[in-house]
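What follows is a single structure, written as structure tokens, with notes after it.
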Amino acid sequence: NAGVTQTPKFQVLKTGQSMTLQCAQDMNHNSMYWYRQDPGMGLRLIYYSASEGTTDKGEVPNGYNVSRLNKREFSLRLESAAPSQTSVYFCASRAHNTGELFFGEGSRLTVL
Amino acid sequence: SQQGEEDPQALSIQEGENATMNCSYKTSINNLQWYRQNSGRGLVHLILIRSNEREKHSGRLRVTLDTSKKSSSLLITASRAADTASYFCATDDNAGNMLTFGGGTRLMVKP
């Protein structure tokens, strides 16, 4: 049982390049989330998806797009990366009955 | 801005002592959760307390919630070196969908 799997684990981009972070969960959860965490800081919510087919903006959505491809997968896309998007990105899914979030191990992105 | 804010930002104690962390939030909530993060890893759920609960226990963890003051506290009793980590509170919106985190408390437990 893998839980929440994120790819890639590390990525270096140049300013203006695009990329997609992939996330998949195998726990049959309805809700999925994308957060970013800057050094020494808490997590800030970028986008979330309460159910398959729906997505909503979180606290810091600018510069990002998301796709809830199916119940398992929730991807995060940077169309034109900027140095301010250098961060660690965490994907999570949420258990409906307990409300608990299950996190992936993070994707470390550096934008030069 | 983040919904929850933890206090203190950093805490250093000796093994065996108790550690208390506080969380304040701004708007009404359905529930409040506490998470732990070891350096460089994803967060792990510790405990959830609902808005109609005042106190909850899980092993060496004790969580309190005061909705009138919009605050919560996490107490770790008889701390161990392995408790060294960052601790975050998280709250959801009234719809129960948007889960946001505070800035965290970095706990160091010295052996």
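The values are calculated or read from the model by the stated rules, or taken from the named source; none is laboratory data. Computed from a prediction, not measured in an experiment: that's the story for all the values here. All Cβ positions, glycine included, derive from the backbone under ideal geometry; neighbour counts span all protein chains shown.
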Worksheet item: From the set of residues in the stretch B:5-48 that are β-branched (Val, Ile, Thr) and touching a residue at least 40 places away in the same chain (Cβ under 8 Å), which is farthest from residue B:82 (Cα to Cα)?
Response: B:27
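Quick one: which residue in B:98, B:21 is modelled with pLDDT of 95 or more and within 30 Å of residue A:6 (Cβ to Cβ)?
Working: B:98 fails: modelled with pLDDT of 95 or more.
Being modelled with pLDDT of 95 or more and within 30 Å of residue A:6 (Cβ to Cβ) holds for just one of B:98, B:21, which is B:21.
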Practice prompt. Might you check whether a residue that is in contact with a Cys (Cβ under 9 Å, 6 or more places away or on another chain), modelled with pLDDT of 95 or more and either assigned to a strand (DSSP E or B) or at positive phi (or both) occurs anywhere in the stretch B:35-46?
Written response: yes
Practice prompt. Return yes or no: is residue B:49 aliphatic (A, V, I, L, M), within 12 Å of chain A (Cβ to nearest Cβ) and assigned to a loop (DSSP other than H, G, I, E, B)?
Written response: no
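For the stretch B:14-28, which positions are more than 15 Å from the chain's Cα centre (by Cα) and either assigned to a strand (DSSP E or B) or over 15 Å from residue B:107 (Cβ atoms) (or both)? Walk me through it before giving the result.
Taking the stretch B:14-28 as the starting set, the residues that turn out to be more than 15 Å from the chain's Cα centre (by Cα) are B:14-17, B:26-28.
Residues satisfying the conditions are B:14, B:26, B:27, B:28.
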Response to the item:
Scanning the stretch B:82-104 residue by residue, those more than 14 Å from every other protein chain (Cβ to nearest Cβ) and in a strand (DSSP E or B) turn out to be none
Worksheet, complete the sentence: Across (1) within 14 Å of another protein chain (Cβ to nearest Cβ); (2) surrounded by fewer than 19 Cβ atoms within 10 Å (Cβ to Cβ), residue A:73 clears everything bar (1)
Item to complete: Report whether or not residue B:79 is assigned to a strand (DSSP E or B), among the small types (Gly, Ala, Ser), over 22 Å from residue A:94 (Cα atoms) and touching a residue at least 40 places away in the same chain (Cβ under 8 Å).
Response: no
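Hey, among the residues in the stretch B:12-46 that are among the small types (Gly, Ala, Ser) and within 12 Å of chain A (Cβ to nearest Cβ), which one's nearest to residue A:92 (Cα to Cα)?
Within the stretch B:12-46, the first condition is being among the small types (Gly, Ala, Ser), and the residues that meet it are B:12, B:16, B:19, B:24, B:28, B:39-40, B:42.
With within 12 Å of chain A (Cβ to nearest Cβ) added as a condition, the list becomes B:39-40, B:42.
Values: B:39: 18, B:40: 16, B:42: 9 Å.
The residue in question is B:42.
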